[in-house]
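Here is the structure we will look at.
The values are calculated or read from the model by the stated rules, or taken from the named source; none is laboratory data. None of the values given here were measured: they were computed from a predicted structure. Methodologically, a virtual Cβ is constructed for each residue, glycine included, from the backbone with ideal geometry; neighbour enumeration extends over all protein chains shown. Heads up: the accessible areas ignore ligands, DNA and RNA and are worked out on the full protein's heavy atoms, side chains in. Shrake-Rupley method; radii C 1.70, N 1.55, O 1.52, S 1.80 Å.
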Amino acid sequence: MLKSVNILNKRARFDYEIIDTYTAGIVLAGTEIKSIRLGKANITESFCEFSGMELFAINTYIEEYSFGNQFNHKSRSERKLLLNKKELKTLHKSVQAKGLTIVPLKLFTNEKGLAKLQIGLCKGKKNYDKRESLKEQDTKRDLDRIKKAFN
């Protein structure tokens, strides 16, 4: 079992411009948290949606627990996110008014062993923005190589 779990959504940083980040708790079943602690989860295809005034993480993949029995969880199901009422209201207003989306960025466990999901209020990037960010990464990589060669 891994002591600290960090599951990143690298695709979100490429596809979206992140405006603000929040840390939310997740409502999980017993076998779900066991699978997360083993590092068997994926959040690359997931997104967040409001249902009433509650926020849900949709399409989050948590592999079925291998030692689970007939009461094992479903691998892809809606999972409720826990945030303060004030944070939920600000997110809800910004999603409705500005047309922004909420995307999971990182799934991790804190010091107490509880699963947390870092979500980001995001705006979608255009294709030319994506190409620009790739160029920046390439130039940074080249500069690092040059610096390493001289040192």
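Structure above, values below:
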item	result
Of residues in the range 35-50 being assigned to a strand (DSSP E or B) and not hydrophobic (A, V, I, L, M, F, W, C), the one farthest from the chain's Cα centre (by Cα)	Glu49
Considering residues of the range 5-34 that are assigned to a loop (DSSP other than H, G, I, E, B) and under 16 Å from the mean Cα position of the chain (by Cα) only, the residue surrounded by the fewest Cβ atoms within 10 Å (Cβ to Cβ)	Val27
Matching residues, the range 1-42, being among the hydroxyl-bearing types (Ser, Thr, Tyr) and either farther than 16 Å from Ser77 by Cβ or in contact with a helix residue (DSSP H, G or I) (Cβ under 8 Å, 6 or more places away or on another chain) (or both)	Ser4, Tyr16, Thr21, Tyr22, Thr23
Candidate set from the range 118-151 (those that are of a type in the set (S, T, N, Q) and open to solvent by less than 100 Å² (accessible area, probe 1.4 Å)); member that is nearest to the chain's Cα centre (by Cα)	Gln118
Some residue of the range 42-63 being in contact (Cβ under 8 Å) with a residue 60 or more places away in the chain, open to solvent by 50 Å² or more (accessible area, probe 1.4 Å) and farther than 27 Å from Asn127 by Cα	no
Test for Leu2: is it open to solvent by 90 Å² or more (accessible area, probe 1.4 Å), of a type in the set (A, V, I, L, M) and either modelled with pLDDT of 95 or more or in a loop (DSSP other than H, G, I, E, B) (or both)	yes
Close pairs (6 angstrom Cβ cut-off, 6 or more residues apart or separate chains): of a type in the set (Lys, Arg) in the range 84-108, open to solvent by 70 Å² or more (accessible area, probe 1.4 Å) anywhere	Lys106/Leu8
Subset of the range 5-36 [in contact with a strand residue (DSSP E or B) (Cβ under 9 Å, 6 or more places away or on another chain), modelled with pLDDT under 90 and small (Gly, Ala, Ser)]	Ala12, Ser35
Where Arg79 falls short, out of the listed (1) out of contact with any Lys or Arg (no Cβ under 9 Å at 6 or more places or on another chain); (2) open to solvent by 30 Å² or more (accessible area, probe 1.4 Å)	(2)
Selection count, the range 82-100, where residues are open to solvent by 60 Å² or more (accessible area, probe 1.4 Å) and in contact with a helix residue (DSSP H, G or I) (Cβ under 8 Å, 6 or more places away or on another chain)	0
Members of the range 102-117 found to be of a type in the set (S, T, N, Q) and either touching a helix residue (DSSP H, G or I) at 6+ places or on another chain (Cβ under 6 Å) or crowded, with 18+ Cβ neighbours inside 10 Å (or both), listed by number	Thr109
The listed residue being under 16 Å from the mean Cα position of the chain (by Cα), among the acidic types (Asp, Glu) and either over 30 Å from Leu134 (Cα atoms) or at pLDDT 90 or above (or both), out of Glu78, Glu87	Glu78
